[in-house]
Structure formats: C-alpha cells, structure tokens
1. Return the only residue of Leu61, Leu83, Leu52, Leu37 being without any contact (Cβ under 8 Å) to a residue 24 or more places away in the chain and touching an Asp or Glu at 6+ places or on another chain (Cβ under 9 Å).
2. Among the residues of segment 14-43, how many are of a type in the set (A, V, I, L, M, F, W, C) and under 15 Å from the mean Cα position of the chain (by Cα)?
3. Return the residue satisfying two criteria in turn: it lies in segment 29-44 and is among the hydrophobic types (A, V, I, L, M, F, W, C) and loosely packed, with under 12 Cβ neighbours inside 10 Å, and of such residues it is farthest from Phe58 (Cα to Cα).
4. Within segment 36-58, track down each residue that is modelled with pLDDT of 95 or more and of a type in the set (A, V, I, L, M, F, W, C).
5. Scan segment 57-72 residue by residue and report those that are surrounded by 10 or more Cβ atoms within 10 Å (Cβ to Cβ) and either over 18 Å from the mean Cα position of the chain (by Cα) or not hydrophobic (A, V, I, L, M, F, W, C) (or both).
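The values are calculated or read from the model by the stated rules, or taken from the named source; none is laboratory data. The structure presented is a predicted model; accordingly, all values stated were derived computationally and were not measured. All Cβ positions, even for glycine, are placed from backbone atoms using ideal geometry, and neighbour counts span all protein chains on display.
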Amino acid sequence: MSNNLSKLNTWELIEELKTRGYNTELVFSIYDVEARLEIINMDREEHEHIVLDKDDKFEILRESFNPENLWRRILEEIDDKILDDYDDESYFKGVEE
C-alpha cells in the first residue's frame, strides 16, 4: 500500500493500519453515536426522542475519548493481563523448556 495514507478511504486506511500491526477494533465514528442514540430512543416515547445534529455527535465522540484516561486504562489492562496470566515460573527468563 502507498505511504500516502491521506489518499485512502476510511476502510482502506483501517485495513492498512491492521497490516502495520495496529489494533483497529477501537475505531469509533459518528455512526457509533447514531447507533447508540437509536438504542436510547427506542426506550422513549416519540415526543421524548433526543435529536442531535452532526456537530453534537462529533462533540460526544470528542468528549467520550479522553486520550489520557484511555491510555492509562489500556496500559493498566495490559499490565493486569501480563501479571494475571504470565507471572508464572514457566514464563520466567531462566526456565528451560
């Protein structure tokens, strides 16, 4: 794939990032906000449906993703996974198979 990622459409970009080893399962877009809004509105009377414009939806995405908090939580999860599943003699450096 080209080194110029700006020429790729969204799905091509996601596929290119996957081939480069990035986890792309956590890519969110305005469509995710729309889907969640639809679910929320399903449990409301029609006259109580929340209606958001495109700017509102982008603002929700922006506010929902505090990079500092997300990074901290993900790194903590990685640490926990390593320690919970691999802090065992069979994974220690000096152990022969």
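1. Values: Leu61 fails: without any contact (Cβ under 8 Å) to a residue 24 or more places away in the chain; Leu83 fails: touching an Asp or Glu at 6+ places or on another chain (Cβ under 9 Å); Leu37 fails: touching an Asp or Glu at 6+ places or on another chain (Cβ under 9 Å).
Just one listed residue meets the conditions, Leu52.
2. Matching residues across segment 14-43 total 7.
3. Step one: of segment 29-44, the residues among the hydrophobic types (A, V, I, L, M, F, W, C) are 30, 33, 35, 37, 39-40, 42.
Now drop any that are not loosely packed, with under 12 Cβ neighbours inside 10 Å, which leaves 35, 39-40, 42.
On the way: Ala35: 13, Ile39: 18, Ile40: 17, Met42: 21 Å.
The residue in question is Met42.
4. Leu37, Ile39, Ile40, Met42, Ile50, Val51, Leu52
5. As a first pass, look at segment 57-72 and keep what is surrounded by 10 or more Cβ atoms within 10 Å (Cβ to Cβ): 57-61, 64-66, 70-72.
The answer is Lys57, Glu59, Ser64, Asn66, Arg72.
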